[in-house]
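The values are calculated or read from the model by the stated rules, or taken from the named source; none is laboratory data. Fair warning: this is a prediction, and the values are worked out from it, not measured in the lab. Using ideal geometry, Cβ is built from the backbone for each residue, glycine included, and neighbour counts are taken over all protein chains shown.
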Amino acid sequence: MKNIILTLVIISLSALNAQTINIKEKVKFIPGVYFKDIDQVFDQFIGTYRYQNGNQLFEIKFQKKVHVPINGVFNCHIDMLVGGYKHVFDGLELHNGLAQTGTFPNPFHETIDSDMIQIGPAPGCNECNVGESFIIGIITNPGGNAPSTFYARKIIHNGLPAIRILINYSIGSAPEGAPVISFRYPTGEFIMVKVD
Amino acid sequence: MKKKVLILTLLLFATGLFWHCSEEIHDNAVTFGVKHKKPQIKYLKGAEAKLVMNQLEKKVSKSKLRILGKAGTYARSNEGTIDYSEIMQVIDTLGNTNYTFRITNHPEDSDQIFHNLVYSQIDEEIKLILVKYENFDQDYQFNAFTTFTTYSLISDDPCPENPIPISGGGGGAGSFDPGIPNPGSGGGGGSVGGYTPTPDYSSCWYLMQIPCCHKKHFGEDSSCICNEGEKGYTILFNTCNTSLPPAIIHSGKNTNIDPCNPDGDFGVLYPPVKPPCEVLKEMMDPLKYNAQAYINVLKSMLPNANVEYAFSFKRILDPSTGSYSYPPQQLIAGSFDAVKMPGGVNYYGGIHLHHGKLYNTFSFGDIVNLLDNTNASYSPANGIINDNEAVLMLVSVNPQDVNNPSVKSLTVNDKFALSSKVNEILNDPNWADQSLSRDQKIEVISKQMYSNYGHNHAKFLETFKDFGISMYDYYQPNATSPGTWRKATTAQLNNQPSVLYLPDGYCN
């Protein structure tokens, strides 16, 4: 009897708290909703991935964050993937933020973050199998300038776990004469093999 | 006892569920915060317009002003033409009704000046006011606030018939001495020159512009006490007859945005916008922007592209001759450097490419780009006063014919709506963390919105139907044949939004 009462109390208290919705269904944040990675798609991306070709080295490290509060939206939380990257081109290290991955108080300020899971095939993963999940996120320079959208799919490459990532910079508008900001990350499509 | 506890627990459980459900409903209902009471705005057509036209005609005919009749329009000698094609009716929160007519071809009209005729009916009193707008909307960050610099009360009363200059706008509240017109008291920082009294009216009327909206109490020195951040209105003091209470009229402003209107308000009808077909035609003109050349380049790049590419549209005014030059533009690539389309008085948007791995239609970021280019290109000195001459074109995959890519263009119909809706979304924490940079928010919101409409041009149009934009398709049967722009409209076919190209939507 006590157990029944306790269970009902816990259920009713959680009902008072928030509603849980699969993150795949998110379009925008909603007060009182927890957008949860119910199918644990983000977990499949956790780790460090490397692309190396000639004079270019590009590494990404992903971590998962759960139940992240959304600033300005009452009682809304979300599961996320956050990350950092290292990019070396022509012997010059353009950025190395791998060690800072997961350390930002606001996960949306990490140089890589994803709070969106899509079902393929769809733009960004036209080659995805029917029903396959892929992630969409933002990659930026340190400090948040020059943001691009990335689309990442989990694959097997030469027998090794890997991701196929497409990084797309949308050309916007800026006042004439505004300084051009160099990317610290590469744009285009890359196969990155899991190394850690 | 156990039974009571169980019942109590079940009640708590049920309450929790009910609370939960009601919270969801509440969340859906309250999206934009407190609703303010606004004036009702309506554009009159047909019989309603005819009725107002007739009333206006009678009123004007009683005045000393001469009416020249024409089919559909009526011209007042030396005062331009009253445009009856669009009449704005504004019923304020007190039930007062005003009608605004656009005046075209007024002798004073220029790049920076236009006129409206306001037919005002407050209680039984009817007034005609000719409002002159000058230096409107010069703020790069558009704020929908327009000042007018003079107006005339059109009546048989000789006193208020003459134009009355306002001594500035946007400054602090001034003091008032009814007997001594004081040019400086209306506040500094105005757009045109100071108060210039003439014998016709200087002894009768005095105007003071106040930078607040609510009719607040007046201090002992007759100064206006304003709340910080409130918008302006104008007080008209009659010094011929000091027993008359001061008339309070609002500065010409967008009543959609500033509903604070205790004493009657009127809408602003801007000069007619340049038809989108004319704008697009100019873009394609080989002696002007020559967009066809850029379309051809981007079409050829599309099959192998995996980053975005773009060209800007640029024209430069030669002040000595008044003519324009259209220098060819360099290809912009979305790789290596975070380059952007330049915005400024010489730029009118551009054309870009979405490669086949991503979306075939425009993004939210593209709409922001169009707004930014529209704002940046605003330049009365360059002859751009209508704010709709910038476009954003897109070359993308055409699923119906992979050898003939899709070419589309966004055009601006209503910069006010575009600016308002874009900022509403950018400032909404439900769309993006507000601590992010503007560029980050644009990127975040774009990807979210794309998940809603994907490739679908019709769903794009439905999503952004209130944004004051139109989408045109460049119909070119094959790569070498001449193309035609045609307006995209939407309709529900088999319960799905679909794009339609109606016969009257083709640009000839």
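Counting only strands (runs of 3 or more DSSP E) wholly contained in the range A:135-196, the ones carrying 3 or more residues that are in contact with an Asp or Glu (Cβ under 9 Å, 6 or more places away or on another chain) occupy A:148-157, A:160-168, A:173-175. The single condition among (1) at pLDDT below 90; (2) at negative phi that B:Gly383 does not satisfy is (2). Return the residues of the range B:329-351 that are assigned to a loop (DSSP other than H, G, I, E, B) and within 7 Å of chain A (Cβ to nearest Cβ); say none if nothing qualifies. The answer is B:Gly334, B:Ser335, B:Phe336, B:Val339, B:Lys340, B:Gly344. Sort out which residues of the range A:142-196 are touching a helix residue (DSSP H, G or I) at 6+ places or on another chain (Cβ under 6 Å) and of a type in the set (Lys, Arg), and write them in order of number. The answer is A:Lys154, and nothing else. A:Gln118 falls short on exactly one of the conditions (1) under 15 Å from the mean Cα position of the chain (by Cα); (2) closer than 17 Å to A:Ile60 by Cβ; (3) part of a strand (DSSP E or B), and that condition is (2).
Taking the conditions (1) at pLDDT 95 or above; (2) buried (at least 17 other Cβ atoms within 10 Å of the Cβ); (3) over 31 Å from the mean Cα position of the chain (by Cα) in turn, B:Val297 satisfies each one other than (2).
This table checks each residue for (1) more than 23 Å from the chain's Cα centre (by Cα); (2) more than 8 Å from chain A (Cβ to nearest Cβ); (3) crowded, with 21+ Cβ neighbours inside 10 Å.
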| residue | (1), (2), (3) |
| --- | --- |
| B:Thr411 | no, yes, yes |
| B:Phe416 | no, yes, no |
| B:Asn430 | yes, no, no |
| B:Ser435 | yes, no, no |
| B:Arg438 | no, yes, no |
| B:Lys447 | yes, no, yes |
| B:Ala458 | yes, yes, yes |
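Of the residues making up the range A:141-158, just one is away from chain B (no Cβ under 12 Å) and buried (at least 23 other Cβ atoms within 10 Å of the Cβ), namely A:Ala152. Here is a check on your reading of the model: is B:Ser363 in contact with a Phe, Trp or Tyr (Cβ under 7 Å, 6 or more places away or on another chain) and at pLDDT 85 or above? In short, yes. Taken over the range A:88-131, the criterion of being within 11 Å of another protein chain (Cβ to nearest Cβ) and acidic (Asp, Glu) is satisfied by A:Asp113, A:Asp115, A:Glu127. Out of B:Leu493, B:Leu461, B:Leu436, one residue alone is in contact with a strand residue (DSSP E or B) (Cβ under 8 Å, 6 or more places away or on another chain) and among the hydrophobic types (A, V, I, L, M, F, W, C). It is B:Leu461. Applying the set (1) modelled with pLDDT under 95; (2) assigned to a loop (DSSP other than H, G, I, E, B) to A:Val9 leaves exactly one unmet item: (2). Out of B:Glu462, B:Glu443, one residue alone is in contact (Cβ under 8 Å) with a residue 12 or more places away in the chain and either basic (Lys, Arg) or surrounded by fewer than 21 Cβ atoms within 10 Å (Cβ to Cβ) (or both). It is B:Glu462.
The single residue among B:Thr361, B:Thr321 that is β-branched (Val, Ile, Thr), outside any helix (DSSP H, G or I) and surrounded by 21 or more Cβ atoms within 10 Å (Cβ to Cβ) turns out to be B:Thr361. In a residue-by-residue description of the range A:116-136, the property of being surrounded by 15 or more Cβ atoms within 10 Å (Cβ to Cβ) and touching a Pro at 6+ places or on another chain (Cβ under 6 Å) applies to at least one position.
Hey, does the range A:160-173 have a residue that's over 16 Å from the mean Cα position of the chain (by Cα) and loosely packed, with under 14 Cβ neighbours inside 10 Å? The answer is yes; a qualifying residue exists. Summed over the range A:159-191, residues that are in contact (Cβ under 8 Å) with a residue 24 or more places away in the chain, more than 7 Å from chain B (Cβ to nearest Cβ) and out of contact with any Ser or Thr (no Cβ under 9 Å at 6 or more places or on another chain) total 8. From the list B:Leu502, B:Leu426, the lone residue that is surrounded by fewer than 20 Cβ atoms within 10 Å (Cβ to Cβ) and modelled with pLDDT under 95 is B:Leu502.
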